[in-house]
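Structure, as structure tokens:
The values are calculated or read from the model by the stated rules, or taken from the named source; none is laboratory data. Just so we're clear, the structure is a prediction, and the values are computed from it rather than from any experiment. Backbone-built Cβ (ideal geometry, glycine too); neighbour counts: all protein chains shown.
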Amino acid sequence: MAGGHPASASDRLGERDARLSHLCGRSWPEGVLLEALNLSPALDVLDVGAGDGRLLRELARRGHAGRVVGIDPTPGPGVQPAHAEALPFPDASFDVVLFARVLAHLPDQARALAEARRVLRPGGRVWVAAHGPAHLRATWAALGQPLAPGKAHPEPALTLTCPLTLTADDAQFLLGTYGQEVEVPDHLFPVQDAAQLLIWRHSPSL
């Protein structure tokens, strides 16, 4: 809590990602995602659900020369206010559209994907990334909260996994970012676990 106000969902996500980045030894998930996609630096990129703009900043840090735009209903600095289902851009405006851990939370996923394809240039790509079933699975199991099986999805184009060793302090911190204020028993840790991200390519022809 800062300034007497509870942390927002975006703040908690940022804190969680910072801890996972420290444990991974790499920027999670933005750095890992961009390394895997290996985007040409000349491409114009739209990040849908950009939040506080961390992915945009990571692209800038890597010297990306193309136009980089982020949209979000509750935007952070440098991010435009907009909804995924009604993108405020002309047709064929971008070479790449990214949905990083966003699409599953949208009320109309089909409309959001249709809008992404509309603003995509010929030959462009829509990439969707989401946590996979192995993401922090061992930690949740150790805490007696095994993850329920998720919905079936098409085979991802890429599966990114970062091995982690979590202490009880790490687990306590991560639980707090999920809004769970419970005591983590020391004897259950350390746990060998992983952060996992699945990536799908959506065809513009769909």
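Which residue is surrounded by the most Cβ atoms within 10 Å (Cβ to Cβ), if the candidates are limited to region 93-106 and must be part of a strand (DSSP E or B) and β-branched (Val, Ile, Thr)? Break it down stepwise before answering.
Our first condition is that a residue be part of a strand (DSSP E or B); within region 93-106, this holds for 94-100.
With β-branched (Val, Ile, Thr) added as a condition, the list becomes 96-97.
On the way: Val96: 21, Val97: 30.
Only one residue fits best here, namely Val97.
If you go through region 66-83 one residue at a time, do you hit one that is surrounded by fewer than 20 Cβ atoms within 10 Å (Cβ to Cβ), without any contact (Cβ under 8 Å) to a residue 24 or more places away in the chain, within 27 Å of Gln196 (Cα to Cα) and small (Gly, Ala, Ser)?
Checking region 66-83: not a single residue is surrounded by fewer than 20 Cβ atoms within 10 Å (Cβ to Cβ), without any contact (Cβ under 8 Å) to a residue 24 or more places away in the chain, within 27 Å of Gln196 (Cα to Cα) and small (Gly, Ala, Ser).
At least 1 residues that are buried (at least 17 other Cβ atoms within 10 Å of the Cβ) and over 21 Å from the mean Cα position of the chain (by Cα) in each: list the helices (runs of 4 or more DSSP H) lying fully within region 107-206 that qualify. Break it down stepwise before answering.
Numbers: elements: 109-118, 137-142, 168-177.
Of the helices (runs of 4 or more DSSP H) lying wholly inside region 107-206, those with at least 1 residues that are buried (at least 17 other Cβ atoms within 10 Å of the Cβ) and over 21 Å from the mean Cα position of the chain (by Cα) span 137-142, 168-177.
Can you confirm whether Val69 is in contact with an Asp or Glu (Cβ under 6 Å, 6 or more places away or on another chain) and farther than 23 Å from His135 by Cβ? Reasoning before the result, please.
Working: in contact with an Asp or Glu (Cβ under 6 Å, 6 or more places away or on another chain): no; farther than 23 Å from His135 by Cβ: yes.
No.
Looking for whichever is within 21 Å of Asp11 (Cα to Cα) and of a type in the set (Phe, Trp, Tyr) here; the options are Phe99, Phe89, Phe94. Which one fits?
On the way: Phe89 fails: within 21 Å of Asp11 (Cα to Cα); Phe94 fails: within 21 Å of Asp11 (Cα to Cα).
Answer to the selection: Phe99.
Just to be sure I understand, how many residues within region 6-26 are outside any helix (DSSP H, G or I) and either in contact with a strand residue (DSSP E or B) (Cβ under 9 Å, 6 or more places away or on another chain) or at pLDDT 95 or above (or both)? Give the derivation first.
Restricting attention to region 6-26, the residues satisfying the condition of being outside any helix (DSSP H, G or I) are 6-8, 25-26.
Still in the list and also either in contact with a strand residue (DSSP E or B) (Cβ under 9 Å, 6 or more places away or on another chain) or at pLDDT 95 or above (or both): 25-26.
Qualifying residue count for the region: 2.
Taking interchain pairs and intrachain pairs at least six residues apart, which have beta carbon atoms under 6 angstrom, with the first residue in region 171-195 and within 17 Å of Arg19 (Cα to Cα) and the second in a helix (DSSP H, G or I) and hydroxyl-bearing (Ser, Thr, Tyr)?
Ala171/Thr139; Val191/Thr139; Asp193/Thr139
Spot the failing condition for Leu46; the list is (1) surrounded by fewer than 21 Cβ atoms within 10 Å (Cβ to Cβ); (2) in contact with a Phe, Trp or Tyr (Cβ under 6 Å, 6 or more places away or on another chain); (3) closer than 25 Å to Arg121 by Cα, and only one is missed.
Failing condition for Leu46: (1).
In region 62-79, is there at least one residue being of a type in the set (Asp, Glu) and under 23 Å from Leu158 (Cα atoms)? Full working, then the answer.
Residues of region 62-79 that are of a type in the set (Asp, Glu), as a first pass: 72.
This time we only want the ones that are under 23 Å from Leu158 (Cα atoms), so: none.
No, region 62-79 has no match at all.
Kindly provide the set of residues from region 84-122 that are of a type in the set (Phe, Trp, Tyr) and either under 25 Å from Gly132 (Cβ atoms) or without any contact (Cβ under 8 Å) to a residue 40 or more places away in the chain (or both), ordered by number. Before you say what the answer is, go through the steps one by one.
Initial filter on region 84-122 (of a type in the set (Phe, Trp, Tyr)): 89, 94, 99.
Across region 84-122, the qualifying residue is only Phe99.
Could you tell me which residue of region 58-92 is farthest from Gly31 (Cα to Cα), considering only residues that are among the charged types (D, E, K, R) and in a loop (DSSP other than H, G, I, E, B)? Steps first, please.
To start, the set of residues in region 58-92 that are among the charged types (D, E, K, R) comprises 58, 61-62, 67, 72, 85, 91.
Keeping just the survivors that are in a loop (DSSP other than H, G, I, E, B) gives 62, 67, 85, 91.
Values: Arg62: 9, Arg67: 18, Glu85: 26, Asp91: 29 Å.
That would be Asp91.
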